[in-house]
1. Taking θ = phi - 60°, what integer Hz values does the Karplus form 6.51 cos²θ - 1.76 cosθ + 1.60 yield along segment 61-68, in sequence order, with x for Gly and Pro?
2. In a shell of Cβ-Cβ distance under 15 Å around A145, excluding A145 itself, what net charge do Lys and Arg (+1) and Asp and Glu (-1) give?
3. Based on the Kirkwood radius over alpha-carbon pairs, what is the Stokes-Einstein translational diffusion coefficient of segment 34-101 at 25 °C with 0.890 mPa s viscosity, in µm²/s?
4. Could you give the size of the charge dipole of the chain about its Cα centre, using +1 on the Cβ of each K and R and -1 on the Cβ of each D and E, expressed in debye and rounded to the nearest 20?
5. Distance between the C-alpha centers of segment 100-126 and segment 28-97? Whole Å please.
6. In whole angstrom, note down how far apart the Cα centers of segment 150-165 and segment 174-199 are.
7. Apply the Karplus curve 6.51 cos²θ - 1.76 cosθ + 1.60, θ = phi - 60°, to the phi angles in segment 181-192 and return the couplings in whole Hz, x for Gly and Pro.
8. Amide H to amide H under 5 Å from S83: which residues, 5+ apart in sequence or cross-chain, H placed 1.01 Å off N in plane?
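What follows draws every value from the coordinates through simple rules; no lab data is involved. Fair warning: this is a prediction, and the values are worked out from it, not measured in the lab. Virtual Cβ from ideal backbone geometry, glycine too; neighbours counted across all protein chains shown.
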Amino acid sequence: MNPPPERLAPEPGRVLARAGCPKSAGNSLLKPATFAIERLLALARPAAFLADLPVLSSDENTIELEGLTIRSSDMAKKLSGSSFLTIFLATIGPGPEESCRALSESGRLTEALLLDAAASEMVELLLRSAHRQASLRMSGFIGTARYAPGYGDFSLSHQAFIVDALGGDSTGVMVMKDSYMLVPQKSTTGVVGWRKQGR
């Protein structure tokens, strides 16, 4: 899915909150936050990828999918009883972070901070939109919360499988080999479990 950036425009108040701005500074920073959102809308290229994978088997420490074993007691517990997992990848492309870097290097630190916060908000809104789309497809199932690699003992290394399973390089997202961090940085992955209603 490739929604237009305008559909994912964050609210100025949410941008200020994510940037850690005190509420008392809200009025003075409202205009810069609005400018940051406008800049973001010109730079962002939102794209989300998702796939529904059947759970082949699970126990208290592992979840078996086709091509992947998730070894995580935290995930085995949180996703217990799930018949399917939906894996997600959301990105808004490299433009916003490149602009943040340029703003920082030129000393425009407040603008960089607000653009970075706005970009993070947009990624979250994109992931929520993808989650809603998955919910529509999984009629008759109840979804768990969404979890991301790095939660508890759910290793960041799982990001490599998620990105590869969703298209690899064609997604425009790369996984760093040593750290498993995503590039562009304004990208994120997630997993949701689906249980049959009544279970």
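1. 10, 9, 10, 9, 10, 5, x, 8
2. On the way: positive: K77, K78, R128, R132, R146, R195; negative: D74, E124.
Neighbourhood net charge equals +4.
3. Translational diffusion coefficient: 169 µm²/s.
4. On the way: 21 positive and 20 negative charges, 137 e Å.
The calculated dipole for the chain is roughly 660 debye.
5. First find each Cα centre; the distance between them is then 21 Å.
6. 6
7. With the stated coefficients, segment 181-192 comes to 6, 9, 10, x, 5, 7, 9, 7, 10, x, 9, 10 Hz.
8. Residues meeting the amide H criterion: W194, R195, K196.
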